[in-house]
1. Restricting to segment 180-231, and then to whatever is open to solvent by 50 Å² or more (accessible area, probe 1.4 Å) and touching a residue at least 12 places away in the same chain (Cβ under 8 Å), can you tell me which residue is nearest to residue 147 (Cα to Cα)?
2. Filtering segment 326-356 down to residues that are more than 24 Å from the chain's Cα centre (by Cα) and of a type in the set (Ser, Thr, Tyr), which residue is farthest from residue 267 (Cα to Cα)?
3. What pairs come out if I take residues in segment 365-385 that are free of Cβ contacts under 8 Å to residues at least 24 places away in the same chain and pair them with residues that are polar (S, T, N, Q) and buried (at least 17 other Cβ atoms within 10 Å of the Cβ) whose C-beta lies under 9 Å away, six or more apart or interchain?
4. Just one of (1) buried (at least 17 other Cβ atoms within 10 Å of the Cβ); (2) touching a strand residue (DSSP E or B) at 6+ places or on another chain (Cβ under 8 Å); (3) farther than 25 Å from residue 240 by Cα trips up residue 321, so point out which.
5. Tally up the residues in segment 206-254 that are touching a helix residue (DSSP H, G or I) at 6+ places or on another chain (Cβ under 9 Å), assigned to a helix (DSSP H, G or I) and over 26 Å from residue 366 (Cα atoms), please.
6. Within segment 48-73, work out how many residues are over 19 Å from residue 101 (Cα atoms) and either among the hydroxyl-bearing types (Ser, Thr, Tyr) or under 14 Å from the mean Cα position of the chain (by Cα) (or both).
7. Residue 152 is checked against (1) over 19 Å from residue 90 (Cα atoms); (2) at pLDDT 95 or above; (3) of a type in the set (A, V, I, L, M, F, W, C) and fails just one. What number does that condition carry?
8. Please specify each residue of segment 304-318 satisfying the condition of being touching a strand residue (DSSP E or B) at 6+ places or on another chain (Cβ under 6 Å) and surrounded by fewer than 20 Cβ atoms within 10 Å (Cβ to Cβ).
Amino acid sequence: MDTDFPARAIIDLSALEKNLQQLRKCDPNVQAMAIVKANAYGHGGAQIARAALEFGVKWFGVAQLAEAMQLRKALKDFPQARIFTWIFSPDADLEAAIKADLDIAVSNPQTLLAIASAVRAAGKKARIHLAVDTGMGREGALPEKLAPLLSAAELASEEGTVAVSGIWSHLARGDEAGAGEAATARQLANFRQACEAAEQRGFTGLVRHLSASSGLLWHPQAHFDLARYGIAMYGLTPNPARATTASLQLTPIMRLEADLISVKKLPAGHPVSYGGTWVAPRDTYIGIVPLGYADGIDRHASGKIWVAANGHKYPQVGRICMDQFMVDLGSGDEGKAPLAPGATVRVWGDGSQGEPTADDWAKAAETINYTIVTGLNPRVPRVYI
């Protein structure tokens, strides 16, 4: 732990285990892939992956190839861990990826050609998952491009350069009710057709995966063989408008806290922070929290959020700065400040002590909870309990 940095993110691994257990209840027959991309949504990729391994997870998803390679190194003592990756440039070092025993997503015949070339250099067969665009408009072969991809995969398989181990896609509106349900149904139909086409080409026993957190929670017909546990694994709802974190019986595993670096009394009428957007309505104590937008504290939440200490809420005032923000501690009792320098405040967490949740921050900043936790700068120490 960096004792020189006056803030920390506390990561509760026991809450992670509880979330995994809760998500498994959605469908005990479906394998779990822990998505640990983007440094495990800001929680620490290697640490979360190691913990998930202990809790029985065997698959891991990491979007960027470079980060997948880092994770393989971090899990060198766990060669049985399956690491799936799907974002890399056309000139990526696929030879290294194959040697690292990664599962690689393939969207087109050109990538298969590159993999075949890398296989010859690596001296080892590549393991691939066929990516299908069922309606996301992102990675994957469109329905009319699936046949050429299957033909290329068939040829590569016959040549012995690849083992086709999976087929996958991603839901674009899996977290939405109403119109989102119809869109999901269309994607589900497209995915089933793609799986059938692959099977007709002789690709049987493939690991089929379509669902991320929202699909796992709300679309049982989309579960197939494996589900990608994303935001829900970290104890956050994919869509608070559809279901709250509490109603899903999930627990946020990250608590962000900071130590006040200063407490000062301001007279009534004194402005606070850039632009003077907040002016003290009375004599009041101001506490300075040593976190700012450089740390991932969203500036759009300025004046619409709070922190908590000892069960009391203290509103954030003025514009959030690059490295710090201010909170109104109130007028105090008999001229004494409610909190002293060094006092710890909770910036976000599970809400049990009155602190805001990541969902509260997202609402205040008009964004989603994903951006709140993933945006936390790595310079903020992570502490695992």
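The values are calculated or read from the model by the stated rules, or taken from the named source; none is laboratory data. Here the structure is a predicted model, which means the values were calculated and not measured. Reconstructed Cβ throughout: ideal geometry from the backbone, glycine too, with neighbour counts over all protein chains shown. Surface accessibility is based on the protein's heavy atoms, side chains included, excluding ligands, DNA and RNA. Shrake-Rupley method; radii C 1.70, N 1.55, O 1.52, S 1.80 Å.
1. So the residue we want is 201.
2. 344
3. That search, which allows pairs on different chains as well, returns 368/239.
4. Exception for residue 321: condition (2).
5. Result for segment 206-254: 2.
6. So the count comes out to 1.
7. (1)
8. Filtering segment 304-318 down to residues touching a strand residue (DSSP E or B) at 6+ places or on another chain (Cβ under 6 Å) leaves 305-309, 313-318.
Listed by number, the residues that qualify are 313, 315.
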